[in-house]
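Asker: Before I ask anything, let me first share the structure, which is written out below as structure tokens.
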Amino acid sequence: MSKLSVYFLMSILALSLISISPISSQQEVYVISNNIDVAAKPLLEDYFRGFGLFPEFLSPDEFEQLRGAKLILILGGPAAPYGTGDIVRRYLDNLEIDFIRQPGQKFTFIKNDQYGYAEKVIIIAGAEREKTYEEVFNLVNGSNIEFQNAVKTASEGKVNIKDLPLILAGISYDTETVNKEAHIHLSIQNYGKGKATNVIIEISNDYYSNFYLDSVDPVIKVEGNKFYIGDVAGGEVVKLDINLKAKESGNYSGTISYTYNELGSSAKIRDLTTRVP
């Protein structure tokens, strides 16, 4: 064998070793998600930031490279595509798999990791992708004490930045109008200790442009499709009712989201679809 051939083979071997080298736990928290369930990313980033954690989001095919992390979150259930389901099925037994596959089901499975990828693995799963997103929303709103404790454990030794604001919002709205009237009810809460400044609610124009603004309660500054809440103190809850009147019949879809100044934080609250008979 020529020296050139030997050099070529050694180069290939070296590159192969590099490609399978495990990712050491530079981060305390990783989130494994396919390109469908990654829609929950803004919610999780805001939530973990409150504990001084900044999770790294990885695709399922990067999972095998992880070693020794404190916490790994996996978004999706056993049937999730693009490799997520294959990972999930390693951790769930048959009863758990049958349970989460039931229509409309959602659940959070918290496991000690027997494979060494992390100290704990948390699987946030729904029978459908919308249910996975709902489960994430419930978790960041405090629905599961065991989940909170796992995150707190992962944050031990970190500088706690709970003094930063953490805005989350709940919503109900009309999916079909009566007399062309549509109502949006928002509950906005600052779960952090710090004050959130310049909180703005925005309804996308592809939805909002089909309606007239009838009223808003309480009365606040409105410019176009933006509703200016102002400052929200730590722990404060703000209720907002937006009443709209449709310009004409049709089916209208869009999104409603919020922004506030600190660290450029923003997130979609939810998609909107309203039928106007």
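Asker: Name every residue in the range 74-106 that is more than 18 Å from the chain's Cα centre (by Cα), within 11 Å of Glu128 (Cα to Cα) and basic (Lys, Arg), in order of residue number.
Answerer: Matches in the range 74-106: Arg101 only.
Asker: Examine the range 228-241 for a residue that is of a type in the set (Gly, Ala, Ser) and touching a residue at least 60 places away in the same chain (Cβ under 8 Å), and state whether such a residue exists.
Answerer: Checked against the condition, which is being of a type in the set (Gly, Ala, Ser) and touching a residue at least 60 places away in the same chain (Cβ under 8 Å), the range 228-241 yields at least one hit.
Asker: Does Tyr208 meet the test of being assigned by TED's automatic domain parsing to the domain that holds Glu248, under 18 Å from Thr273 (Cα atoms) and either of a type in the set (Val, Ile, Thr) or in contact (Cβ under 8 Å) with a residue 40 or more places away in the chain (or both)?
Answerer: It is true that Tyr208 is assigned by TED's automatic domain parsing to the domain that holds Glu248, under 18 Å from Thr273 (Cα atoms) and either of a type in the set (Val, Ile, Thr) or in contact (Cβ under 8 Å) with a residue 40 or more places away in the chain (or both).
Asker: Working only within the range 240-273, note down all residues that are surrounded by 15 or more Cβ atoms within 10 Å (Cβ to Cβ) and either out of contact with any Phe, Trp or Tyr (no Cβ under 9 Å at 6 or more places or on another chain) or outside the structural domain of Tyr208 (by TED's automatic domain parsing) (or both).
Answerer: Those that are surrounded by 15 or more Cβ atoms within 10 Å (Cβ to Cβ) and either out of contact with any Phe, Trp or Tyr (no Cβ under 9 Å at 6 or more places or on another chain) or outside the structural domain of Tyr208 (by TED's automatic domain parsing) (or both): Asn243, Ser257, Tyr258, Thr259, Tyr260, Glu262.
Asker: Go through (1) closer than 27 Å to Ile36 by Cα; (2) in the same structural domain as Arg270 (by TED's automatic domain parsing); (3) of a type in the set (Gly, Ala, Ser) for Ser215 and report which single condition fails.
Answerer: Against the list (1) closer than 27 Å to Ile36 by Cα; (2) in the same structural domain as Arg270 (by TED's automatic domain parsing); (3) of a type in the set (Gly, Ala, Ser), Ser215 comes up short only on (1).
Asker: Which of the residues belonging to the range 195-205 are outside any strand (DSSP E or B) and either at pLDDT below 95 or of a type in the set (Val, Ile, Thr) (or both)?
Answerer: Within the range 195-205, Lys195 is the sole residue that qualifies.
Asker: Please state which of the following conditions Glu223 fails to meet, knowing it meets all the rest: (1) free of Cβ contacts under 8 Å to residues at least 40 places away in the same chain; (2) buried (at least 19 other Cβ atoms within 10 Å of the Cβ); (3) out of contact with any strand residue (DSSP E or B) (no Cβ under 6 Å at 6 or more places or on another chain).
Answerer: (2)
The values are calculated or read from the model by the stated rules, or taken from the named source; none is laboratory data. Since the model is a prediction, treat every value here as computed from it, not as a measurement. When we count neighbours, we look across all protein chains shown, and the Cβ atoms used for this are built from the backbone with ideal geometry, even at glycine.
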